[in-house]
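Take a look at the structure set out below.
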Amino acid sequence: MTRTALPPEQLYRACDPTLLPFATTESLPDIEHPIGQDRAIAALSFGIGIDSEGFNLFALGPEGTGKTAVVRRLLDEEAAKRPAPDDWCYVNNFKDPHKPKALRLPPGQGPGFVKAMQTLIDDLRLAIVAAFEGDEYRTRKQVIEDQFKEKSEEAFGLVQKKAEQSHVALMRTPVGLALAPMKDGEVLSPEDFKALPDEEQAAFKKVMEELQAEMEATLKQMPRWEKEQRAKLRDLNREVTAHAVGHLIEELEKHYAGIQPVLDHLEAVREDVIDNVERFLNPAGGEGDGEGESPLPIPMRRPGANPFRRYQVNALVHQAEARGAPVVFESHPTQPNLIGRIEHMSQFGALLTDFTLIKSGALHRANGGYLVIEARKLLMQPFAWEDLKRAMRSHQIRIEAPGQAWGLISTTTLEPEPIPLAVKVVLIGDPMLYYLLSHYDPEFSELFKVAADFDYRQGRDAPAVLGYAQLIATLARREGLPHFERDAVARVVEHGARLSGDAEKLTTHLAAIADLVRESAHWARGAGRTLATRADVEKAIGEHEYRSDRVREHIQEDIKRGTLMIDVAGAKVGQVNGLAVFQLGRFAFGKPSRITCRVRLGKGEVIDIEREVDLGGPLHSKGVLILSAFLSSRFAKDSPLSLSASLVFEQSYGGVDGDSASSTELYALLSALAETPIRQSLAVTGSVNQMGEVQAIGGVNEKIEGFFDVCKARGLTGEQGVLIPAANVTHLMLRPDVVEACRAGQFAIHPVASIDEGIAILTGIEAGEADAKGEYPLGSVNRRVANRLAALAAKVQELSGGRDRKGRER
């Protein structure tokens with residue numbers, strides 16, 4: 001059992017100068033790979049390279065470990081090796097306008113097709129108007145009209161000739177054609193007709209009835225003749241239009257030969273132009289006039305609208321400037337931003353839309369490549385996560401409004417043809433999100449089979465130290481910062497070990513290291529230096545702590561003034577200084593707390609006052625229960641405990657959790673039982689198990705420094721120090737002032753491996769080991785505890801006044 005305080009060399013592991021074979025970082029090359037992330041990089045390389053279904057990636061790790069930068073670099077490298085994907089356009093579906101068609105074109109040809117169609121429409125407008133204003137069309141149209149005129153005149157001429165032969169006049173009146181009797185070439189008035197003999201009147205009436213029947217028969221033929229005329233004119237118009245547009249469309253078909261979807265669309269355009277040539281002859285007539293035209297969703301004509309909008313091409317996504325597969329980082333992954341949206345325009349109080357208002361989403365832009373999304377932002381957006389999974393499972397992008405997908409909207413809208421999807425999705429998030437999704441979403445593991453796990457720390461070996469130096473050199477060149485001297489780099493490395501919480505490790509939180517480099521460069525420039533020195537790094541660290549430690553400073557002030565009661569001298573029974581860590585953002589600091597214990601006659605209960613008032617967390621409660629198990633196993637193997645003990649964190653007004661104070665509470669309990677005072681110049685941290693072994697805890701550096709600051713404010717005496725678990729020795733990276741105080745013998749760090757070691761240091765009395773009979777040496781702490789427990793048990797027997805089975809007093 002050792003009670004020797006740690007030497008200064010074990011309190012802070014300085015960076016070995018031999019690991020930095022350079023004078024300044026200016027001579028170092030840029031870093032090529034992120035440091036300490038070999039496992040994550042291997043996973044990313046595998047996931048990016050494999051093309052099998054479901055092998056999408058989730059890059060998990062703490063913020064600041066460089067996940068996004070690594071993912072971007074690896075994706076850019078792989079994307080440059082892959083071909084650019086096809087372009088996608090939406091065009092009008094002339095047969096079913098509310099279901100636009102999707103066209104696939106070779107990479108980069110989408111914008112050209114848009115311009116080609118616009119040029120085609122402009123040329124068609126000129127060609128069609130010219131054809132219909134030509135002499136040939138006018139002559140042929142006149143022939144058709146004359147034929148109809150001749151046929152109608154011939155039919156009515158026959159009726160009129162027969163009427164003249166029967167002395168009946170055929171007259172045109174405001175209400176139509178009418179028959180009237182004549183005599184001597186004059187039309188008879190009603191009075192004159194009545195004056196005629198009855199026989200003559202009857203003859204006239206009979207003839208007029210016959211003529212009326214013939215005339216009505218002729219008039220009934222007129223609609224059929226007019227229909228035949230319209231059919232002939234329509235055929236003429238189609239013939240003339242087909243001739244006018246044929247060579248223009250054929251030229252375009254030659255250009256896009258081999259692209260069948262484009263050829264099919266051009267053929268549909270040809271048919272629609274021929275069927276709706278009136279749009280070109282009378283542009284002011286607007287849209288929605290053609291036969292079979294659905295009134296929705298194509299908007300009606302409004303002032304300034306383009307009547308040829310139906311022939312336009314909506315280039316949804318194109319690769320005109322692409323140099324490989326696309327890599328898309330979606331920073332705002334809402335449902336419309338992912339799968340696309342259909343915009344609307346207001347017209348006469350109504351919201352209308354058409355295929356030209358279809359807008360692409362991130363999946364369209366990343367199709368054939370890679371899509372990167374922050375998992376937290378994705379999960380915060382309504383419908384986005386489910387629609388992303390739906391697209392990945394179905395391998396197609398279906399543009400659908402959220403309300404439409406969930407049956408909340410019943411109005412007519414567009415239903416664009418789905419586009420085939422082939423994309424590798426990379427989610428970036430913290431480990432908790434990954435594990436929650438794996439546990440609660442059964443589809444997640446099938447869709448994201450590759451986990452790239454970014455570590456928060458790495459070994460402190462030569463390659464890692466040199467990697468830090470290269471990182472500094474790269475950052476200096478990229479951002480125009482001063483380069484660092486070797487000693488400055490060494491201080492950055494040492495700070496990296498402190499951030500990792502382990503002297504043998506380095507943090508991979510590169511954002512924190514990069515910020516330290518930038519701040520150090522700032523102070524170096526402020527001092528007029530061209531190179532950053534160790535002093536600049538020290539100043540940057542100190543200034544950062546100063547900006548963050550307002551709360552710590554107030555707590556230290558309250559302790560110094562006695563508002564928060566902490567003793568750093570003397571000795572007291574059942575009272576010990578515990579240590580806790582406060583985490584405020586990225587700034588952590590230690591705070592000592594007084595822990596007290598009182599014992600009395602009872603039923604073997606160790607009462608955790610924090611738990612009783614719901615201030616103690618489950619881990620803290622677990623630690624208190626371990627105390628009871630330790631006491632029972634050591635001092636009450638054959639008889640029940642007869643005590644009642646209460647433990648409390650004095651002046652604690654918030655929640656308490658964690659088991660790092662369990663050894664501290666056990667020391668207070670043993671002191672109260674043994675009625676042996678504990679040195680208040682010492683503070684304690686460490687958890688304990690049922691065997692009395694002291695276990696490692698977190699935040700050991702901050703805890704030591706928190707108590708050191710209290711002692712320094714009260715005055716260092718050389719008696720003060722901290723007991724830490726022996727397993728935490730390798731984690732020590734203490735502040736320089738703490739190390740110097742230990743070097744001067746004014747402060748001490750005591751590593752302990754067991755409760756017996758710790759209680760001996762705290763009380764100055766040996767704990768004592770049990771002999772073969774299970775008895776402890778006289779005067780030892782354990783003997784005093786055993787005697788006190790025996791006395792309590794005897795008191796219980798005395799108070800009970802009962803008798804055993806043989807009738808003897810118990």
Filter result (under 21 Å from VAL573 (Cβ atoms), open to solvent by 20 Å² or more (accessible area, probe 1.4 Å) and not hydroxyl-bearing (Ser, Thr, Tyr)) within segment 751-776: ASP756, GLU757, GLY764, ILE765, GLU766
Residues of segment 517-531 satisfying the condition of being open to solvent by 10 Å² or more (accessible area, probe 1.4 Å) and closer than 20 Å to THR68 by Cβ: ARG518
Every pair of residues 6+ apart whose Cβ atoms lie under 6 Å, when the first sits in segment 553-565 and is open to solvent by less than 80 Å² (accessible area, probe 1.4 Å) while the second is in a loop (DSSP other than H, G, I, E, B): ASP558/LEU564; ILE559/ILE566; LEU564/GLN651
Within segment 455-572, helices (runs of 4 or more DSSP H) holding 2 or more residues that are polar (S, T, N, Q): 462-479
Failed item, numbered, when PHE348 is tested on (1) exposed (fewer than 14 other Cβ atoms within 10 Å of the Cβ); (2) under 22 Å from GLU443 (Cα atoms); (3) in contact with a Lys or Arg (Cβ under 8 Å, 6 or more places away or on another chain): (2)
Yes/no for ASP96 being charged (D, E, K, R) and either buried (at least 21 other Cβ atoms within 10 Å of the Cβ) or assigned to a loop (DSSP other than H, G, I, E, B) (or both): yes
Counted residues, segment 262-277 - those being in contact (Cβ under 8 Å) with a residue 60 or more places away in the chain and not aliphatic (A, V, I, L, M): 3
Criterion: at pLDDT below 95 and either open to solvent by less than 30 Å² (accessible area, probe 1.4 Å) or of a type in the set (Lys, Arg) (or both) - qualifying residue of GLU693, GLU650, GLU665, GLU675: GLU665
Breaking point among (1) closer than 20 Å to ARG72 by Cβ; (2) open to solvent by less than 20 Å² (accessible area, probe 1.4 Å), for ALA488: (1)
Near pairs, Cβ below 6 angstrom, 6+ apart or cross-chain, from segment 34-54 (hydrophobic (A, V, I, L, M, F, W, C)) to any residue that is outside any helix (DSSP H, G or I): ALA40/ALA452; ALA40/ASP453; ALA40/PHE454; ALA43/VAL450; ALA43/ALA452; LEU44/ALA452
Residue in segment 33-42 that is out of contact with any strand residue (DSSP E or B) (no Cβ under 9 Å at 6 or more places or on another chain), crowded, with 18+ Cβ neighbours inside 10 Å and under 26 Å from LEU427 (Cβ atoms) present: yes
Residue within segment 198-221 that is at pLDDT below 80, outside any helix (DSSP H, G or I), open to solvent by less than 80 Å² (accessible area, probe 1.4 Å) and over 30 Å from PHE280 (Cβ atoms) present: no
Residue pairs meeting the criteria (Cβ under 6 Å; at least 6 apart or on separate chains; first loosely packed, with under 15 Cβ neighbours inside 10 Å, in segment 585-601; second not charged (D, E, K, R)): ARG600/SER644; LEU601/LEU792
Residue in segment 702-722 that is surrounded by 24 or more Cβ atoms within 10 Å (Cβ to Cβ), touching an Asp or Glu at 6+ places or on another chain (Cβ under 9 Å) and among the charged types (D, E, K, R) present: no
Of residues in segment 416-448 being in a loop (DSSP other than H, G, I, E, B), touching a helix residue (DSSP H, G or I) at 6+ places or on another chain (Cβ under 9 Å) and in contact (Cβ under 8 Å) with a residue 40 or more places away in the chain, the one farthest from THR353 (Cα to Cα): ASP430
Among (1) open to solvent by 60 Å² or more (accessible area, probe 1.4 Å); (2) among the aliphatic types (A, V, I, L, M); (3) within 48 Å of the chain's Cα centre (by Cα); (4) modelled with pLDDT under 95 - the single one ALA535 does not satisfy: (4)
Some residue of segment 142-157 being more than 30 Å from TYR311 (Cβ to Cβ), among the aliphatic types (A, V, I, L, M) and at pLDDT 75 or above: yes
Matching residues, segment 351-385, being within 21 Å of PRO100 (Cβ to Cβ), open to solvent by 10 Å² or more (accessible area, probe 1.4 Å) and assigned to a strand (DSSP E or B): LEU351, LEU352, LYS359
Residue within segment 753-766 that is out of contact with any Ser or Thr (no Cβ under 9 Å at 6 or more places or on another chain), part of a loop (DSSP other than H, G, I, E, B) and of a type in the set (A, V, I, L, M, F, W, C) present: no
Residue ID - modelled with the lowest pLDDT, chosen from residues in segment 596-646 that are touching a helix residue (DSSP H, G or I) at 6+ places or on another chain (Cβ under 9 Å) and polar (S, T, N, Q): SER621
Subset tally (residues that are under 14 Å from SER520 (Cα atoms), surrounded by fewer than 16 Cβ atoms within 10 Å (Cβ to Cβ) and either in contact with a helix residue (DSSP H, G or I) (Cβ under 6 Å, 6 or more places away or on another chain) or acidic (Asp, Glu) (or both)) for segment 538-549: 2
Near pairs, Cβ below 9 angstrom, 6+ apart or cross-chain, from segment 735-750 (touching a residue at least 12 places away in the same chain (Cβ under 8 Å) and open to solvent by 50 Å² or more (accessible area, probe 1.4 Å)) to any residue that is of a type in the set (Phe, Trp, Tyr) and part of a loop (DSSP other than H, G, I, E, B): ARG735/TYR12; PRO736/TYR12
Residue match in segment 54-74 (condition: in contact with a Phe, Trp or Tyr (Cβ under 7 Å, 6 or more places away or on another chain), assigned to a loop (DSSP other than H, G, I, E, B) and open to solvent by less than 10 Å² (accessible area, probe 1.4 Å)): yes
Test: residue in segment 147-155 that is touching a residue at least 60 places away in the same chain (Cβ under 8 Å) and surrounded by fewer than 16 Cβ atoms within 10 Å (Cβ to Cβ): yes
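The values are calculated or read from the model by the stated rules, or taken from the named source; none is laboratory data. Since the model is a prediction, treat every value here as computed from it, not as a measurement. Every residue, glycine among them, receives a Cβ derived from its backbone with ideal geometry; neighbour counts consider all protein chains shown. Calculation scope for accessible area: heavy atoms of the full protein, side chains included, ligands and nucleic acids excluded. Shrake-Rupley method; radii C 1.70, N 1.55, O 1.52, S 1.80 Å.
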